[in-house]
Structures are given as C-alpha cells and as structure tokens.
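Take a look at the structure set out below.
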Amino acid sequence: MFDSLSDRLGAAFDRLRGRGALTEADVRGAMREVRIALLEADVALPVVRQFVDAATEKAVGADVLRSVTPGQMVVKIVHDALVEMLGADSSELDLAVTPPAVVMMVGLQGSGKTTTTAKIAKRLKERGAKKVLMASLDVNRPAAQEQLAVLGTQADVATLPIVAGQTPVQIAQRALQSAKLQGYDVVMLDTAGRLHVDQALMDEMKAVADIAQPHEILLVVDALTGQDAVNVATSFSEQVPLTGVVLTRMDGDARGGAALSMRAVTGKPIKFAGTGEKLDGLEGFHPERVAGRILGMGDVVSLVERAAETIKVEEAEKLAQRMAEGKFDMNDLRAQLQQMTRMGGLSGLAAMLPGVKQVKQAMANGAADDKVLVRMDAIIGSMTVKERARPELLQAKRKIRIAKGSGTNVQDVNKLLKMHQEMATMMKKMKKMGGLSKIAAMFGKGGGDLDSLMGGAGLPPGGLPGMPGLPGAGGGPQGLPPGFQNFLKKR
C-alpha cells in the first residue's frame, strides 16, 4: 500500500539527504515535490494545501537549515505532519460498556462490509476474548444472510439464526434479546448495502440505530475508490453519528488518497484497514506506523507483533533448543520459510522492513515474488529425510534429481544450499558468542513481550523469533536472512 506515494516522496528526500547544507530554496523545492506526490495520490486538495503549508513553515525555520542533518530534519517534519493528518493516535473500538456492546456496520454495496464484519468479530474473539454474535440485517441482497452465516462458521463466531420475512428492525431487536439472554459481550449488526446514498435505505439504517443504540457505528469504504470514498463518508456522517471508518482493499491501494484524506475531511478516525480477502486480513490502523511505511522507515513494531501472533510455540521451542546446540538443517530452514509465508510472504515483510528498496525493486521487476518461497519449499520437499538432516550429502547427482523433482534447476538448488550454509554458519557463530541465550529465553515464553523482542534499541542479534536474521544484525544489508538476496537475483 502507498507504493507510488512512497516512491515519489523517497526520491524527493533522497536529494535532500545527499546534501550537507540546505537553502530555503532547496526545502521549498522538495515541498513542491511533496505537493505533487500527494495530489497524484488522490489526496483532497484542501488537505494537501493545509499539509504542505504547515510542513513548509516548520521546514524553512532556522533550526532545520542550520541543523547538522537538515535533510533528516525535513523528513521528520513531514513524518510528524503525516501522523497529524492521519489522526495522531490509533483509535480502538470502544466496548467498555455494559454488555452487550453493539457495533453497527454501514456502507455502500460491494465495499466488503459483510466480510469486514466477520473479520472484526474474529479479531474481537481471538484478541479481546469477547463472546461475539453476528446478525445480518440485509434482507435486500439475495443470500446476504447466508453469506454471513458461512463466514461465521469459518471464523468460529456465532450468527443469529435466519428467520424469513422479518424486517431489519425486527432482526436487530431479536439479536439484542438473544445476546442479553445468552451472555454475549458484543453484537455485530451487518446492515444492508447501498448502491448509492438512497434515502429510503438511509431511513431504514437510522431506524435500526434508534432501536439498537449502537456504541460504535463503523463505515466500511473501499480504499480503491479514492476521493469517492471520502465523499461517501461525508454523506453517511450527515445521516448517522459515525464513530469510525474501516478502509478495505488497502493492500491494493498504491496511491492511498482515501486514507490520507479521510480523517482530515470527515473528522472520523480510521480504525481498521483491510489487507486481504482472508478473515485474518485486517490490521488496526496506527497513524505513526503508516507514516513510517510511507516514508520508507518501515514498521518493525507491526512486524514483531505479526511474528508473535503467527509463531507456533512448539516449533519455536524446538528451534530454540537446536539453535542453542548450534544446529540448523534443512528442516529448520523449511520452518523458517513457512513462518515467512504465515507472516505475509516477501511482499508483506518488505513493506514493513526499513530500507529494503533493493528487495522491493527486485519484486517489482519480476525477479522475485512470493512464489520464490513456494519454489524453495518445493526444493526442500524433493529431498529425502536423510538429505534434509544432512545437506552435506547433496552431491551433483542428488542435486539433479532434486531439481527435476521440484520443477527447478540445479542453480536454484545450489543457491538454496548456499543460503542454508550461511544461516547455519551464523547459528554457530552466535552460539560461540553466547548470543542465543536471550532468544532461547524468549522462545520459551512463546515469543516474549514486545519490549524484550525489540531488545531496547534494536532487535536481538537473531532477528525475529522463529526467523533468525530477518531484521536483526545477522540479516544482511537488506534485512533478509544471509544468502537470501542471492536467491532473489534474476535466474
């Protein structure tokens, strides 16, 4: 997300960073580039004007021009301005009320409202330990209620039984009554979608809101619609008291105009961002982290959180024990690759790691994509049990057999073996230096707390738990495991 905007801003700031001293003309020139980049990203014109004026006023000050690192100071000013534009503080759902707390979902048809309802319900159940009941109030779209029931089964979240012939208001009343009787913490009401701002449906939505008295009214909008998403949010906020916005398809929005404009234009915080079709493809919206991604600073905090969520404790403890003994075979490498896949693949990781332009460029040029993890897994899968445990057995004939069995070539097999060797060497060095004790201790805790994982000033030498070398000191210049860059080169 934000790829095109990030590239434009990165190019403008690279020119500033390369200079020892800046003049006011240099700063104003860079701010013109920022203005153009924001307009091309489809950010609302009034928002762009306000943003650029505020940032320019601070950036041309004496403190910046006389600074030892003026280029970095300008980047920090733009970063802080982005955070302020996006809403400064992250906004969570307010469910601190007498149960059941009612969350009402509204939005246009096709914006992903029903799927988002299930995603939020799953998130509340797994992270907040909430007992959630979902109810579909959409009696207009064929099979809408059945769709939510199917999603509820997939997310392991209860849905209100379907009763034919009821109106949305009657369904809402039944959902509230059931929730109270059965001790549910949260009720999710999925209202009917609208092809446009239709007054009859708006009146129906307001009638449901009057009956249900929702504590949260979330507007679901498609980020790919750009400024139209902002217009939709403005129209809905005039009809019902919205408490927040959920932007779907953020992973496909290279421009990001809707996200950057939404808070400034509507005054409503962005609470969640949809990042995929699967039910776990939902992230809390953190303005500071998003600003960091846009400016190429990465988002290591989210990366660590994602690792802590996806890591399997049994695998981690087993790997920690082997690492403590200085062992690292092909089975261990395969576990690392599977962990990367669970965390979002190469594309998901590259978006969060600071300064991985070379990897991003390689992926953009088609030299590397998430399929590379599949190929690497196929190569390891074509080895025998003995070969995985003892990679030193792999001589020429065996490599040819493995390459044929995995649909790759011997060169790919050699690259994977080299990558494994470099990671194994790193494990042995860390064992000698005694650097594994802290990581092993964190593995034993099932991933450790965030402060421990971050290691104060930076991540521990082995990188993320379950992924030695990813963003840590042993991860090479691009922050990926040693030798991984070689595998990403053009074949």
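Coordinate-derived values only; no laboratory data. None of the values given here were measured: they were computed from a predicted structure. Reconstructed Cβ throughout: ideal geometry from the backbone, glycine too, with neighbour counts over all protein chains shown.
At a glance:
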| item | result |
| --- | --- |
| Length added when fully stretched, HIS196-GLU33, from 0.36 nm per residue minus Cα-Cα | 55.1 nm |
| Cross-link table LYS119/LYS271; LYS131/LYS180; LYS131/LYS278; LYS58/LYS268; LYS122/LYS278, entries beyond 18 Å C-alpha to C-alpha | LYS131/LYS278; LYS58/LYS268 |
| Computed Kirkwood radius, in angstrom, where 1/r is averaged over Cα pairs of region 81-171 | 14.8 |
| Spin-label pair ALA389/ASP156, simplified geometry with 7 Å Cα→Cβ offset, distance in nm | 3.4 |
| Relative counts (whole %) of C-alpha pair distances in region 101-294, using bins that are 10 Å wide | 9, 39, 37, 13, 1 |
| Chain lengthening between THR98 and LYS206 when straightened (0.36 nm per residue, less Cα-Cα) | 36.6 nm |
| Relative contact order %, region 101-294, counting alpha carbon pairs below 8 Å whose residues are six or more apart | 25 |
| Cα→Cβ-extended label distance, 7 Å offset, between THR23 and GLN166, nm | 7.2 |
| Label-point separation, GLN338 to GLN227 (7 Å along Cα→Cβ), nm | 5.0 |
